[in-house]
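The next block holds one structure in the form of structure tokens; read it before the comments.
The values are calculated or read from the model by the stated rules, or taken from the named source; none is laboratory data. All of these numbers come straight from a predicted model, not from anything done at the bench. Every residue, glycine among them, receives a Cβ derived from its backbone with ideal geometry; neighbour counts consider all protein chains shown.
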Amino acid sequence: MVDMATAAAVPLRRAPLSLVGFAWGVVAWNVLVILWGAVVRATGSGAGCGNHWPLCNGEVIPLAPRVDTIIEFTHRCMTGGAAFLMIGLLVWVFRGTVKGQAARTMVVISTVLLVNEAFLGALLVKLGYVTGNQSVGRVVMLAVHLSNTLLLAGALTLTAHLLGTGQMWRELGVNGGRKLWAFVGLAATLVVGVSGSLAALGDTLFPASSLRDAFVQDFTAGSPWLLRLRGVHPVSAVIAAMFVIWLVMEARQAGAGRIAGWVLGLLGFQFLLGVADLLLLAPVWMQVVHLLGADLYWVALVTLAAGVVWPVETPAGLASSRG
């Protein structure tokens, strides 16, 4: 018979639906910030506010802005909005959950990553790693910045997911083998995201007049090394896809077929967007659409990985022993 005492000892700890919805809203807002950041890079507007930060050309609000100033200042305003949303989420999570819940840990990690995101963005501006800068320092700093951006989006996604499941932090130390493989798959996907953004930077700094010229740029010995690194993106995408297929198979065995289907669909869509981006020679609008697909894919993948590595143990499942 079912052990009712065990079931009673494991209360549901899911956060209010309003809090869960707000957390997913914060994820969506940060995706918009990422997309507008791509517009800043692709249009060469990174120096629209000069090397001033947090002021814009020495002003709180630019009074006679150029187009590039409007684009860059809009991005800074959106980032400021993300900071206020994060403060609200941090306070609400601690008020709407109990001590030991995993969502509390993830929202703190998200807050730290957001602060680091602002610091790295300011550093890019102050060091002049914007517009036409082709230095090694810019590529390294940009790679670090992009990695932090994806980690931030992942941490916010996990915050929203864990608010919905109500899991405690102590419940997440399970499935060691699955956790390792999921970590490798997510790390490979992060490399895909960073290499894709660096490839887009190469397209912006060294535009090609035709597809043939683009391939010549990639393999000519005298080409800038940023162009010769573009091949890392498709290769890493194929490797990451293999890990994702494994993750999807595990998810279907665990009964998470719906989210697994979304991940597979978004993965296929990303490959199509990548081909279109290549054939169209990476216009700005195509870069933004491709990045949007990548962000949605990343959010879905992190959610899927969390469901596989940290399956929710319901009270009924825990109380299934018979006496």
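Structure notes:
- Identity of the residue in the range 110-136, hydrophobic (A, V, I, L, M, F, W, C), more than 17 Å from Met86 (Cα to Cα) and assigned to a helix (DSSP H, G or I), that ends up modelled with the lowest pLDDT: Val136
- Test: residue in the range 154-163 that is among the hydroxyl-bearing types (Ser, Thr, Tyr), surrounded by 18 or more Cβ atoms within 10 Å (Cβ to Cβ), at pLDDT below 85 and assigned to a helix (DSSP H, G or I): no
Okay, residues lined up against (1) in contact (Cβ under 8 Å) with a residue 60 or more places away in the chain; (2) under 30 Å from Gly166 (Cα atoms):
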| site | (1), (2) |
| --- | --- |
| Val40 | no, no |
| Thr43 | yes, no |
| Asn57 | no, no |
| Thr69 | no, no |
| Glu72 | no, no |
| His75 | no, no |
| Gly100 | yes, yes |
| Asn116 | no, yes |
| Ala122 | yes, no |
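- Residue within the range 64-74 that is of a type outside the set (Val, Ile, Thr), under 24 Å from the mean Cα position of the chain (by Cα) and buried (at least 19 other Cβ atoms within 10 Å of the Cβ) present: yes
- Subset of the range 83-113 (residues that are buried (at least 21 other Cβ atoms within 10 Å of the Cβ) and of a type in the set (Gly, Ala, Ser)): Ala102, Ala103, Ser110
- Filter result for Leu17 (over 16 Å from the mean Cα position of the chain (by Cα), over 25 Å from His161 (Cβ atoms) and at pLDDT below 95): no
- In the range 272-300, the qualifying residues are those that are of a type in the set (Phe, Trp, Tyr) and surrounded by 15 or more Cβ atoms within 10 Å (Cβ to Cβ), and the one that is farthest from Val194 (Cα to Cα) is Tyr297.
- Residue pairs meeting the criteria (Cβ under 7 Å; at least 6 apart or on separate chains; first free of Cβ contacts under 8 Å to residues at least 40 places away in the same chain and in the same structural domain as Leu198 (by TED's automatic domain parsing), in the range 278-291; second in a helix (DSSP H, G or I) and small (Gly, Ala, Ser)): Met286/Ala276
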